[in-house]
Amino acid sequence: MTDQDTAAHPGHDLDNVKARIADRAREANRNSADITLIAVSKTFDADAIRPVLQAGHRIFGENRVQEAQGKWPGLKEEFPDVELHLIGPLQSNKARDAVALFDAIHTIDRPKIARAIASEMAKADKKLRLFIQVNTGEEPQRAGVLPGDLDEFYALCRDELKLPIDGLMCIPPIDEEPGVHFAFLAKRAGELGLKGLSMGMSSDFEKAIHFDTTHIRIGSAIFGARQITAAGAKN
Ligand SMILES: *Cc1c(COP(=O)(O)O)cnc(C)c1O
């Protein structure tokens, strides 16, 4: 690589993703300021994340509490105004740590987690932004409340636990047309009076913008491909 290449490619594609968001927002007659870009840094270490922070980006997503605890406290000392979103499944024994480190959780999906988060938020006197994950494809291996249980679960959060829910989140099945799932999630959020829609990843965020997404979660399109883990699972 020449010096010029290095300047043009600072190890991430943040600018390219932002330009695509702006283009799609314009086409959809939306204000791109209404679309929050969450840079998903899971599996990437602090040295890979720092250039994106230095480029001015501050909103990041991680899918594991423990992994995030290993890199973000240090990065937050350098960049105190970082906003962290937990986008992966949460165990109730990690609820206290999650509330301490994160500003938003996208994966509230069962009563045990909702109760644990409500209790830890009260203890810490800290309000997080919260999304209910909906398993729109009813996939057995996928986290998320089933569509048929959403009304009851939302009522539990709102009425019994007084848990402030900002919106709904989904991950469409890999082999299905994502637009169907985005449309469904947007419709259900509207019916519940919720404004937040956490939907759209590297492969489908442009489509999600047309379905009124408010939070897109972009990993590989910014940071590049992730390594396959030793366990064989692609994070
Ligand atoms: C990893 C992950 C993303 C980002 O995926 P990309 O395809 O790399 O953009 C988004 N949302 C969730 C829940 C994830 O786990």
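The values are calculated or read from the model by the stated rules, or taken from the named source; none is laboratory data. Remember, predicted model here, so these are calculated numbers, not experimental data. With ligands, DNA and RNA removed, areas are computed over all heavy atoms of the protein, side chains included. Shrake-Rupley method; radii C 1.70, N 1.55, O 1.52, S 1.80 Å.
For the residue pairs 126/207; 18/187; 18/42; 187/207; 76/207, alpha carbon separations beyond 24 Å are given by 126/207; 18/187; 76/207.
Computed from backbone phi, the HN-Hα couplings of the stretch 165-174 come to 9, 8, x, 10, 10, 8, 10, x, x, 4 Hz, rounded to whole numbers (Karplus: 6.51 cos²θ - 1.76 cosθ + 1.60, θ = phi - 60°; Gly and Pro given as x).
Over the chain, accessible surface divided per residue gives 49 Å², non-protein components excluded, 1.4 Å probe.
The H on the amide N of residue 83, modeled in the peptide plane, is under 5 Å from the matching H of 59, 60, each at least 5 residues off or on a different chain. Note on the stretch 124-201: Rg/Rh from Cα positions, Kirkwood definition for Rh, rounded to two decimals, is 0.98. When the alpha-carbon atoms of the stretch 66-112 are used, the pair Rg, Dmax equals 11.2, 36 angstrom.
Over the chain, with a Gaussian network built from C-alpha contacts below 10 Å, which listed residue (198, 41, 32) shows the highest mean-square fluctuation? The residue that fluctuates most here is 32. In terms of its Cα atoms, the stretch 8-155 spans 49, 39, 29 Å along the principal axes, sorted from long to short.
Translational diffusion of the stretch 13-58 was estimated from the Stokes-Einstein equation, with Rh taken as the Kirkwood radius over Cα pairs; at 37 °C and 0.692 mPa s the coefficient is 279 µm²/s.
Across every direction, the projection of the convex hull enclosing the Cα atoms of the stretch 81-235 has a mean area of 9.9 nm². When 151, 47, 204, 103 are compared by accessible area of protein heavy atoms, the largest-first order is 47, 151, 103, 204, using a 1.4 Å probe. Measuring nothing but how far apart in sequence close Cα pairs (under 8 Å, 6+ apart) lie, relative to its length, the chain scores a relative contact order of 20 percent.
With a ≥ b ≥ c taken as the square roots of the eigenvalues of the C-alpha gyration tensor of the stretch 83-141, please select rounded if a/c is under 1.5 and otherwise prolate if a/b is larger than b/c or oblate if it is not? Judged from the Cα gyration tensor, the stretch 83-141 comes out prolate (a/c at least 1.5, a/b above b/c). Dividing the Cα radius of gyration of the stretch 12-90 by its Kirkwood radius returns 1.01 for Rg/Rh. One chain, two ends: residue 76 and residue 155. Fully extended at 0.36 nm per residue, the span grows by 24.9 nm beyond their Cα-Cα distance.
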